[in-house]
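Just so it is clear, none of the values below were taken in a lab; they were calculated from the coordinates. For clarity, every value in this text was computed on a predicted model and none was experimentally measured. Cβ coordinates were reconstructed from backbone atoms using ideal geometry, including for glycine residues, and neighbour counts include every protein chain displayed.
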Amino acid sequence: MPTFEINYIAVLVSAVAGFVIGALWYSVLFGKVWMKLSGMDNKKIEKEKKKGMTKSFIGGFVALLVMAFVLAHFVDMAEAATVLEGAQAGFWAWLGFVATIMLNKVLWEGKPFKLYLLDAAHYFVVLIIMGAILAVWV
């Protein structure tokens, strides 16, 4: 089995970048659209804040750390060393795993296709950026 040289600082920076992208994506960029498509309103959000959104933010960040760590392995296996090569690794990870799995929310849970596009596009951007960071830094 091959050994991997993972730069944990690059993994951390990639996860932080993903977190920042998500914060911007679901607030200033597409917050209102996301709320409408997902059936959220300000009252629900205020209720969630009282329940403890801190746990959700921590859980989401841990998930991004795992995503960046696994993507770092893909980038290493692909021997990606440029921004474009890293972005390409991120794209293939997105297409093969994220875009396909997320489609089940439309097919089986009846979620709006526009919500799927919004969420899938978010992870498209996140994985492209993460791949680029990891390729030039790992």
Separation between the Tyr8 and Phe97 pseudo-spin-labels, each 7 Å from Cα along Cα→Cβ, expressed in nm? 2.0 nm
As an exercise, find the ratio Rg/Rh for the chain from alpha-carbon atoms, using the Kirkwood inverse-distance average for Rh. 1.02
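From Cα pairs below 8 angstrom and at least 6 apart in sequence, can you work out the relative contact order of the chain, rounded to a whole percent?
On the way: 142 pairs, mean separation 57.9, N = 138.
About 42 percent, as a whole number.
Need the full-extension length gain, Val106 to Lys51, defined as separation in residues times 0.36 nm minus the C-alpha distance. One decimal, nm. Write out the running numbers ahead of the final one.
Numbers: separation 55, 0.36 × 55 = 19.80 nm, distance 2.77 nm.
My answer for the length gained is 17.0 nm.
Once R0 is set to 35 Å, what does the formula 1/(1 + (r/R0)^6) return for the Cβ-Cβ distance between Lys36 and Leu84, expressed as a FRET efficiency to the nearest 0.05?
On the way: r = 35 Å, r/R0 = 1.01.
So the FRET efficiency works out to roughly 0.50.
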Could you tell me which GluC sites (Glu not before Pro) in segment 68-118 are loop residues by DSSP with no more than 16 other beta carbons within 10 angstrom of their beta carbon? Glu79, Glu109
Peptides ranked, highest mean first, by Cβ atoms within 10 Å: ranges 32-40, 12-20: 12-20, 32-40
Please sort 102-108, 72-78 by packing, taking for each peptide the average over its residues of neighbouring beta carbons within 10 angstrom, highest first. 72-78, 102-108
So if we plug the beta-carbon distance of Val28 and Phe113 into 1/(1 + (r/R0)^6) with R0 = 22 Å, what FRET efficiency do we get, rounded to 0.05? 0.40
